[in-house]
Amino acid sequence: MYEEEQRPDHGPLAGFTVGVTAARRADELGALLQRRGAAVLHAPALRIVPLADDSELLAATKEIVEQLPDIVVATTAIGFRGWVEAADGWGLGEELLARLSGVRILARGPKVKGAVRAAGLTEEWSPSSESMAEVLDRLLEEGVDGLRIAIQLHGEPLPGFVEALREGGAEVVGVPVYRWMPPEDITPVDRLLDATVARAVDAVTFTSAPAAASLLSRAKERGLLDEVLAALGHDVLSACVGPVTALPLQSSGIDTVQPERFRLGPLVQLLCQELPARARSFPVAGHRVEIRGHAVLVDGDLKPVPPAGMSLLRALSRRPGWVVARADLLRALPGSGRDEHAVETAMARLRAALGTPKLIQTVVKRGYRLALDPSAETKYADA
């Protein structure tokens, strides 16, 4: 009989392929995914403008030094540190910090508070929730009419935040730390889009809203937007680090998953739960078979399967235990043409990859079927 427990010689993401759209910290995220067994397709959807070369940040820094704001809102630790370091490089660091020492500073969360203090400054207040909504509520409750408020941006949109402050009568100055631009080499993004449409990835991760918007924009440029949205809407999981990141996808009708804590580690842990839960598992010929993105678990043993074989296996699994005609299997093979011999070749390779030929039964002159255990026939009859 098949074993109930998965063997511990592979990670929870083994057999799955995950797309990574991040530019910053992409290596860290990729390493976390690979450590858990995933194959990673890295396609940075953006590039970050180097701070030293950013004329907009320089202009905003000079403006703040010359015309002091009443309040500064620091949104990210790395962004605040980067701003101070860039100002140092321009010879404005000491003057900037001296000017900010007399300003009310609100820091979004403990990490940002640490960065503010490391710069020799002291925050007036910081929410424990790390929520920009709580920062906004506090500002509006106190009243912002006539105040000049500088907001350290970090490539992320702050939907409604700036608008609400302006409606409250504030003058808002954006400090654009780490601006995003399209990638210089678009080839990896196109590769990820093609893989998404072909369902060759199981999930795509997003760690910034601009990256999500950039990916969809490129899909539209190539005339693939409808196909990409269809894939992300049904077969390919969209995993976002937080609710702000998810906004461009959700506005396009895509459901997303997000961890409770908006960090890379919890994002990966969420994938470790979601992807195995989406895999189909069957009792077949006395074995437990779990079909993953590019591999199959047979009694907990990981069996890598060629793409053509996975296409056949998915076609068989849509009606487990039922005979699937060769003509239908041929249509499931990408680019196979009209020769049903391609089905026989792919099937032979699939059986060899699985290492247990009896999992798939040949039904003479009719086609093939998954050799579903008799006790499971009723359960999966209408699957």
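Quick look at the values:
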| read-out | value |
| --- | --- |
| Checking Pro320 against (1) open to solvent by less than 60 Å² (accessible area, probe 1.4 Å); (2) farther than 21 Å from Ala198 by Cα; (3) not in a loop (DSSP other than H, G, I, E, B), the condition it does not meet | (3) |
| Tabulated pairs, the range 264-282, first under 19 Å from Leu32 (Cβ atoms), second polar (S, T, N, Q), C-beta under 7 angstrom, 6+ apart or interchain | Leu267/Thr205 |
| Residues located in the range 167-198, provided they are among the small types (Gly, Ala, Ser) and closer than 19 Å to Pro210 by Cα | Gly174 |
| Selection from the range 65-87 of residues that are in a helix (DSSP H, G or I) and either open to solvent by 20 Å² or more (accessible area, probe 1.4 Å) or over 14 Å from Gly174 (Cα atoms) (or both) | Glu66, Ala77, Ile78, Arg81, Gly82, Val84, Glu85, Ala86, Ala87 |
| Residues that are in contact with a Phe, Trp or Tyr (Cβ under 9 Å, 6 or more places away or on another chain) and among the basic types (Lys, Arg), drawn from the range 108-145 | Arg138 |
| Number of positions in the range 149-159 that are assigned to a strand (DSSP E or B) and within 26 Å of Val257 (Cα to Cα) | 1 |
| Hits in the range 116-134 (condition: of a type outside the set (Phe, Trp, Tyr), in contact with a strand residue (DSSP E or B) (Cβ under 7 Å, 6 or more places away or on another chain) and outside any loop (DSSP other than H, G, I, E, B)) | Val116 |
| Lone qualifier among Ser101, Ser55 - being over 23 Å from Phe262 (Cβ atoms), without any contact (Cβ under 8 Å) to a residue 12 or more places away in the chain and polar (S, T, N, Q) | Ser55 |
| Qualifying position, being free of Cβ contacts under 8 Å to residues at least 40 places away in the same chain, surrounded by fewer than 18 Cβ atoms within 10 Å (Cβ to Cβ) and not in a loop (DSSP other than H, G, I, E, B), among Asp137, Asp145 | Asp137 |
| Residue check, Leu41 assigned to a helix (DSSP H, G or I) and in contact with a Ser or Thr (Cβ under 8 Å, 6 or more places away or on another chain) | no |
| Of all residues in the range 273-303 being open to solvent by less than 50 Å² (accessible area, probe 1.4 Å) and among the acidic types (Asp, Glu), the one that is farthest from the chain's Cα centre (by Cα) | Asp299 |
| Qualifying residue in the range 88-99 (condition: surrounded by 20 or more Cβ atoms within 10 Å (Cβ to Cβ), out of contact with any helix residue (DSSP H, G or I) (no Cβ under 7 Å at 6 or more places or on another chain) and either modelled with pLDDT of 90 or more or among the basic types (Lys, Arg) (or both)) | no |
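The values are calculated or read from the model by the stated rules, or taken from the named source; none is laboratory data. Treat the numbers as computed from the prediction; the structure is a model and nothing was measured. Cβ coordinates were reconstructed from backbone atoms using ideal geometry, including for glycine residues, and neighbour counts include every protein chain displayed. To get the accessible areas, we keep the full protein, side chains included, count just its heavy atoms, and leave off ligands, DNA and RNA. Shrake-Rupley method; radii C 1.70, N 1.55, O 1.52, S 1.80 Å.
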